[in-house]
Amino acid sequence: RPREVAPESYILAPSHAPVWVKDREKLWNEVEFVEKQWNAQLARRLIFALPVEFSEQEQTEILLQHCQECFVDEGMVADISIHREHAHNPHAHILLTMRPFNEDGTWGLKKKKVNGKTVSMTNWNDRGNVTKWRKNWATLQNEKFLEKGLDIRVSHESYEKQGLDIVP
């Protein structure tokens, strides 16, 4: 069914990525084409809740800043779609490429063999990234809350780590 409110869409890419990555259809067709393994991980999908206390422009600005800092600056292409069809639930879907681009704009390797061992060419699958990404997102939101004079703070840590006895 057609959406009542069309999503806002953005594609952010490293400066050395080829121009065609800005074309969503071409990007994801190329991602599928370059992977030879039948079980290759093509992308990482993330969903972000956007603070309802921010204007649409503010939501977009901090989301794009976050994606630039955490994903694009690390070499990933971020395909972002912001959904605002329900005022109480603005959110963004982000698809990230899993294969880097070489400086010449060609696809790089995800892994390679070194002395008989498979070595990852990026740190994109490190488990610690989730904490780093969540912390950056919380920091950006808290800075904006403070700037707006709102007495609201968010944390990237679980309720348990915060010492709160609350069911999420």
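The values are calculated or read from the model by the stated rules, or taken from the named source; none is laboratory data. Quick caveat, the model's predicted, so the values are computed rather than measured. Glycine gets a Cβ as well: all are built from the backbone with ideal geometry, and neighbour counts include every protein chain shown. The accessibility values were calculated without ligands, DNA or RNA, using every heavy atom of the protein model including side chains. Shrake-Rupley method; radii C 1.70, N 1.55, O 1.52, S 1.80 Å.
Restrict the check to the range 99-118 and report whether at least one residue is under 25 Å from Pro7 (Cα atoms), out of contact with any helix residue (DSSP H, G or I) (no Cβ under 6 Å at 6 or more places or on another chain) and not hydroxyl-bearing (Ser, Thr, Tyr).
Taking the range 99-118 and keeping what is under 25 Å from Pro7 (Cα atoms), we get none.
Taking every residue of the range 99-118 in turn, none turns out to be under 25 Å from Pro7 (Cα atoms), out of contact with any helix residue (DSSP H, G or I) (no Cβ under 6 Å at 6 or more places or on another chain) and not hydroxyl-bearing (Ser, Thr, Tyr).
How about the range 149-164: which of its residues are loosely packed, with under 13 Cβ neighbours inside 10 Å and of a type in the set (Val, Ile, Thr)?
Residues of the range 149-164 loosely packed, with under 13 Cβ neighbours inside 10 Å: 149, 151-153, 158-164.
The answer is Ile152, and nothing else.
Please enumerate the residues belonging to the range 42-59 that are more than 11 Å from the chain's Cα centre (by Cα) and either open to solvent by 80 Å² or more (accessible area, probe 1.4 Å) or over 19 Å from Met76 (Cβ atoms) (or both).
Ala49, Leu50, Pro51, Val52, Glu53, Phe54, Ser55, Glu56, Gln57, Glu58, Gln59
Within the range 42-93, the set of residues being part of a loop (DSSP other than H, G, I, E, B) and among the aromatic types (Phe, Trp, Tyr) comprises Phe54, Phe71. So, in the range 133-168, how many residues would count as being touching a helix residue (DSSP H, G or I) at 6+ places or on another chain (Cβ under 7 Å) and part of a helix (DSSP H, G or I)? The qualifying residues number 6. Pairing each residue of the range 142-168 that is over 23 Å from Phe54 (Cα atoms) with any residue that is polar (S, T, N, Q) and open to solvent by less than 100 Å² (accessible area, probe 1.4 Å), provided the two are 6+ apart or on different chains, yields C-beta distances under 7 Å for Gln162/Ser155. Yes or no: Ala87 more than 22 Å from Val19 (Cα to Cα), surrounded by fewer than 17 Cβ atoms within 10 Å (Cβ to Cβ) and modelled with pLDDT under 95? Answer is yes for this residue. Scan the range 29-41 for residues that are crowded, with 17+ Cβ neighbours inside 10 Å and either assigned to a strand (DSSP E or B) or not acidic (Asp, Glu) (or both) and the total you get is 1. Taking the criterion of being open to solvent by 90 Å² or more (accessible area, probe 1.4 Å) and closer than 13 Å to His66 by Cα, the residues of the range 104-148 that qualify are Lys132, Arg134, Lys135, Glu143.
Within the range 61-86, residues that are closer than 17 Å to Gln141 by Cα reach partners that are outside any helix (DSSP H, G or I) and among the hydroxyl-bearing types (Ser, Thr, Tyr) with beta carbons closer than 9 Å, at six or more positions or on different chains, in the pairs Leu63/Tyr10; Leu64/Tyr10; Cys67/Tyr10; Ile82/Ser9; Ile82/Tyr10.
Checking the range 7-22 against the condition returns no match, with no residue being open to solvent by 80 Å² or more (accessible area, probe 1.4 Å), polar (S, T, N, Q) and assigned to a helix (DSSP H, G or I).
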